[in-house]
Amino acid sequence: MNEILEIIEQDPKKDPSEIALLTGYSEKEVKTRIKELEDSGIIRKYKAVIDWDKVGEEYVYAIIELKITLGDRSGYDTIAHRIASFNEVRSIRLISGDHDLSLTVRGKSMKDVAFFVAEKIATLDQVQSTVTHFVLKTYKEDGVPLFEQEKSKRLAISP
Amino acid sequence: MTDVKKFLSDKIKTVPPSGIRKYFDMVIGMDDVISLGVGEPDFVTPWHIREACIYSLEKGHTSYTSNSGLIELREAISDSFHNDYGVDYNPEDQVLVTTGVSEAADLALRALVNPGDEVILHEPCYVSYKPSIILSGGTPVPVSTTRDNEFRVTGEQIEAAVTERTKAIILSYPNNPTGAVMQKQDLEELADVVVEHDLLVISDEVYDKLTYNGKHTCFSSLNGMEERTILLNGLSKSHAMTGLRVGYAMGPPGLISAMLLIHQYTMLCAPITAQMGAIEALRNGEAEMQAMVREYNRRRRLFVTGLNRLGLDCFEPRGAFYAFPSVESTGMTSSQFAEELLHQQKVAVVPGEVFGQSGDGFLRCSYASGLDELKTALEKIEDFLS
């Protein structure tokens, strides 16, 4: 099971027939297992890592840290679910340290992101303070380096 | 003009040139070759190991080390064998760090062999053993393993090769070039012959970590074999560290000290930067190593299935990163096949006879390449055959 997941995590586009070859399962078994993994929510979504800078698309990303004051009857989950519902929010995590929640926000411009934080996030009752870090450059995303790496200089024939 | 060759020793003239050289020269200068001819991992050394090397340089660790190698490294090696195989080697006097396993093999042979002593080796095997035996003054006695027995050597074969002059056997499983492994009972059979004829075993187990669908048996873990084994291993294959050159030998103190004697007068010590990296690899490298092994295993399944589908009969290799298909069905010899394939399709493989006569009719195909490359190679071999 983990074997299939490891392959899919690296390459979600891999054909079930090839996964069968790689794992030694039959193609039918692979399909059944993948279906199970999808149905049970272990596989959440298939997603591409895109270098938007290369496309020339001007996205602006910011990491925003929030201090939270918990209300009487609600915990972190409630406020986190609420913030997660905004399309602008790409990820949200409960973190240890000086702040409580860390979000990644994507917008079309710095103004866009700044307004979003000021109007939608900072105004929430439980949000005590915000710190916004604009992303200047992304070097690695989801385990994928976004820079060119030097090719190996391995000899073509060696003992 | 002076013929400089007259200065060469008689011994060096008896060492045959490496058969692999010819193929190396053929590939040189060709562009876009898909190579299945490589005897090393395609992975780059994991970053945490490279970083440890860099950090050691930053701190100014550029001196010689103890001839035996850094004690922390010897301890880490000793611990890993205790944990993996339950064999115990004292890091003080039973572990010698060498510049790759090739040096360790050379040291072992030079420490053991008297002129005229015979050393048995099973072929096909790694290209260096035979020349190393000759250079040490010994006589190589090759024993041929066969496809029928999945390239395992038997006690019977060894016994038939033993004479009064036999000093040692070189064992190398998991095997380069065949990918063959030995099961515990196969090795026990050999151990009986070793005791019976009072022999020593040099066991090169550098591919031990690359074993699939089964666990490797360390030869010295067999009953009574610790005192009769010089165990050779290294980090080249397991941690993708070939160019860093870290190998080691382990065995009875009386033998290791003799090897150390040669090592201290010739190599002095393995490079300190690489030793520092090796410590990191052994302490913290298990997870990345296992990930590489899983990846090799996937490639192995895909590639071996692919070869068999093309009619290139290939037994299931359970170790190292080589497949060893037969070219019998094509009517070509293995060297014809390799040369034609290279010229027509730009796919490089190494014909089996380079690794000993009994490798004739087979090809060594390394699957230490990315999946896409392996798939392209299979397609090109298919085009070649049609």
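Every read-out reported here was derived from the displayed coordinates using simple, explicitly stated rules and does not represent laboratory data. Note that the structure is predicted; figures quoted are calculated from it, not measured. Glycine gets a Cβ as well: all are built from the backbone with ideal geometry, and neighbour counts include every protein chain shown.
Specify the longest stretch of chain B that does not include any exposed loop site, a site being one of the GluC sites (Glu not before Pro) with a non-H, G, I, E, B DSSP assignment and at most 14 other Cβ atoms within 10 Å. The partial results should precede the final answer.
Numbers: sites that count: B:Glu92, B:Glu164.
The answer is B:165-386.
Is any helix in chain B, taking whole DSSP H runs, at least 15 angstrom long along its axis by alpha carbon and on average at least 0.0 on the Kyte-Doolittle scale, and which ones? Can you show the working numbers first?
Numbers: long enough: B:47-58 (16 Å, -0.05); B:71-85 (21 Å, -0.71); B:100-112 (19 Å, 0.78); B:184-196 (18 Å, -0.22); B:253-266 (19 Å, 0.90); B:272-284 (18 Å, 0.31); B:286-309 (34 Å, -1.01); B:334-345 (16 Å, -0.84); B:371-385 (21 Å, -0.11).
Passing helices, by number: B:100-112, B:253-266, B:272-284.
When the Cα atoms of the range A:31-80 are enclosed in a convex hull and the volume is divided per residue, what value in Å³ results?
On the way: hull volume 6.6 nm³, N = 50.
Spread over its residues, the Cα hull of the range A:31-80 gives 132 Å³ apiece.
Have a look at the DSSP beta bridges in chain B and tell me what percent are antiparallel, nearest 5. List each step's numbers first, then the result.
Numbers: 14 of 34 bridges.
Roughly 40 percent of the beta bridges in chain B run antiparallel, per DSSP.
Considering chain B as a Gaussian network with a 10 Å cut-off on Cα pairs, which listed residue, B:Gly319, B:Gly251, B:Gly311, attains the greatest mean-square fluctuation?
B:Gly311
To the nearest 20 Debye, how big is the dipole of the range B:63-284 about its Cα centre, given +1 on the beta carbon of each Lys and Arg and -1 on that of each Asp and Glu?
Working: 14 positive and 29 negative charges, 154 e Å.
Dipole size: approximately 740 debye.
Only helical DSSP H runs with n ≥ 4 go in: add -39500 (n - 2.57) per run for the protein assembly as shown, normalise by residue count and round the 222 nm mean residue ellipticity to 500 deg cm²/dmol.
On the way: 19 runs with 207 residues, N = 545.
Mean residue ellipticity, 222 nm, calculated: -11500 deg cm²/dmol.
Can you work out the Karplus-derived ³J(HN,Hα) for every residue in the range A:125-139? Use 6.51 cos²θ - 1.76 cosθ + 1.60 with θ = phi - 60°, whole Hz, and x for glycine or proline.
3J(HN,Hα) across the range A:125-139, in whole Hz: 3, 6, 7, 8, 7, 10, 10, 10, 10, 7, 7, 8, 7, 9, 9.
For B:Glu227 and B:Gln185 in one chain, what is 0.36 nm times their gap in residues minus the Cα-Cα distance, to one decimal in nm? The partial results should precede the final answer.
Numbers: separation 42, 0.36 × 42 = 15.12 nm, distance 1.93 nm.
Fully extending the segment from B:Glu227 to B:Gln185 adds 13.2 nm.
With N set to the number of residues, divide the alpha-carbon radius of gyration of the range A:84-153 by 2.2 N^0.38 Å and report two decimals.
Values: Rg = 15.6 Å, N = 70, 2.2 N^0.38 = 11.1 Å.
Against the compact-globule rule of thumb, the ratio is 1.41.
Output the antiparallel fraction of DSSP beta bridges having both residues in the range B:63-284, as a percent to the nearest 5.
On the way: 8 of 26 bridges.
Antiparallel: roughly 30 percent of the beta bridges in the range B:63-284.
List the equivalent ellipsoid semi-axes of the range B:63-284 in whole Å, largest first, each obtained as the square root of 5λ for an eigenvalue λ of the Cα gyration tensor.
On the way: eigenvalues 138, 77, 49 Å².
The answer is 26, 20, 16 Å, longest axis first.
Kindly state, to the nearest 0.05, the FRET efficiency for A:Lys120 paired with A:Glu9, given R0 = 22 Å and r defined as their beta-carbon distance.
Working: r = 32 Å, r/R0 = 1.47.
That pair, A:Lys120 with A:Glu9, gives E of 0.10.
Anyone know which of A:Asp98, A:Asp39, A:Asp53 comes out most mobile in the 10 Å Cα GNM of chain A?
A:Asp39
Compute a Gaussian network model of chain A, connecting alpha carbons closer than 10 Å, and tell me which residue from A:Ala122, A:Ala20, A:Ala114 fluctuates the most.
Among A:Ala122, A:Ala20, A:Ala114, the largest GNM mean-square fluctuation belongs to A:Ala20.
Determine, at each q value in 0.14, 0.28 (inverse angstroms), the log₁₀ of I(q)/I(0) that the Debye formula gives when each Cα of the range B:161-221 is one equal point scatterer.
Reported log10 I(q)/I(0), two decimals: -0.41, -1.26.
Out of every Cα-Cα pair in the range B:110-170, what percent are more than 13 Å apart?
On the way: 1055 of 1830 pairs.
The share of Cα pairs beyond 13 Å in the range B:110-170 comes to 58 percent.
The range B:1-75: which trypsin sites (Lys or Arg not before Pro) are DSSP loop and have at most 11 other beta-carbon atoms within 10 angstrom?
B:Lys59
What whole-number distance in Å separates the alpha-carbon centres of the range A:33-75 and the range A:8-26?
Measuring centre to centre over Cα atoms gives 25 Å.
If you take each beta carbon of peptide A:149-156 and count the beta carbons of other chains within 10 angstrom, what is the mean? Working shown, then result.
Working: counts 1, 1, 0, 5, 1, 11, 8, 14.
That average works out to 5.
Evaluated at 25 °C with a viscosity of 0.890 mPa s, what Stokes-Einstein diffusion coefficient in µm²/s does the range B:26-152 have when Rh comes from the Kirkwood expression over alpha-carbon pairs? Present the calculation step by step, with values, prior to reporting the outcome.
Numbers: Rh = 18.7 Å.
D = 132 µm²/s.
Quick check on the range B:253-386: take the gyration tensor over C-alpha atoms, sort the square-rooted eigenvalues as a ≥ b ≥ c, and tell me if it's rounded (a/c under 1.5), prolate or oblate.
prolate
Quick check: from the Cα gyration tensor, does chain B come out rounded (a/c under 1.5), prolate or oblate? Spell out each step's value before the answer.
Details: a/c = 1.40, a/b = 1.22, b/c = 1.15.
Taking the square roots of the gyration eigenvalues as a ≥ b ≥ c, chain B is rounded.
With +1 assigned to the C-beta of every Lys and Arg and -1 to the C-beta of every Asp and Glu, and no other charges, what is the dipole magnitude of the range A:55-138 about the Cα centre in debye, to the nearest 20? Working shown, then result.
Numbers: 10 positive and 11 negative charges, 31 e Å.
For the range A:55-138, the charge dipole is close to 160 debye.
I'd like the FRET efficiency for B:Tyr64 and B:Asp3, computed as 1/(1 + (r/R0)^6) with the beta carbon distance as r and R0 of 51 Å, rounded to 0.05. Could the numbers behind the result be given before it?
Details: r = 39 Å, r/R0 = 0.77.
Using R0 = 51 Å, I get an efficiency of 0.85.
Regarding the protein assembly as shown, what's the average projected area of the Cα-atom convex hull, expressed in nm²? Spell out each step's value before the answer.
Details: hull surface 133.6 nm².
Computed as one quarter of the Cα hull surface, the answer is 33.4 nm².
Give the shape of the range B:43-86 as rounded, prolate or oblate, defined through the alpha-carbon gyration tensor: a ≥ b ≥ c are the square roots of its eigenvalues, a/c under 1.5 means rounded, and otherwise the shape is prolate if a/b is larger than b/c and oblate if not.
Working: a/c = 3.13, a/b = 1.33, b/c = 2.35.
Cα axes put the range B:43-86 in the oblate bin.
Could you pull out the GluC sites (Glu not before Pro) across the range A:82-159 that fall in loop regions by DSSP (anything but H, G, I, E, B) with no more than 10 other Cβ atoms inside 10 Å? Could you put the intermediate results ahead of the total?
Working: sites: A:Glu88, A:Glu119, A:Glu141, A:Glu148, A:Glu150; in loops: A:Glu88, A:Glu148, A:Glu150.
Loop-located and lightly packed - A:Glu148, A:Glu150.
Could you tell me which trypsin sites (Lys or Arg not before Pro) in the range B:203-287 are loop residues by DSSP with no more than 15 other beta carbons within 10 angstrom of their beta carbon? Walk me through the intermediate numbers first.
On the way: sites: B:Lys209, B:Lys215, B:Arg228, B:Lys237, B:Arg245, B:Arg283; in loops: B:Lys209, B:Lys215, B:Lys237, B:Arg245.
When the trypsin sites (Lys or Arg not before Pro) of the range B:203-287 are filtered for loop state and at most 15 Cβ neighbours within 10 Å, B:Lys215 remain.
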